[in-house]
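Trainee: Below: one structure in structure tokens.
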Amino acid sequence: MPVVDGKSPSPWVRWALRWGAPSAVVALVSVWVLDPASLVGAVIAAGVALTALLVFVGTMPRRQPPTQQRARRDAGT
């Protein structure tokens, strides 16, 4: 990841590149592109999409209270 002015990019940018976009692509491809013809195929596609969604949500960066963000910023200088 590029470092700008001595700071690394936001955790959301890193998350989006590492987990967010690939998970969303897997979820969409598994349902729209594969277009399952049988019930078993539909269940498998839905399972893959649900797993990708859980990875998407489970890996999101946590929100931090503004005071904790300031404390981390001050500690880094």
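A short reminder: the numbers here are calculations on the coordinates, not readings from a lab. Owing to the predicted nature of the structure, the values given are computational and were not obtained by experimental measurement. Note that each Cβ is placed from the backbone with ideal geometry, even for glycine, and that neighbours are counted across all protein chains shown.
Trainee: Sorted by packing (mean other beta-carbon atoms within 10 Å per residue), highest first, where do 10-22, 44-56 land?
Mentor: Highest-to-lowest ranking by the protection proxy: 44-56, 10-22.
Trainee: Can you give the FRET efficiency to the nearest 0.05 for Arg18 and Ala46, using r as the Cβ-Cβ distance and R₀ = 25 Å?
Mentor: The calculated FRET efficiency here is 0.50.
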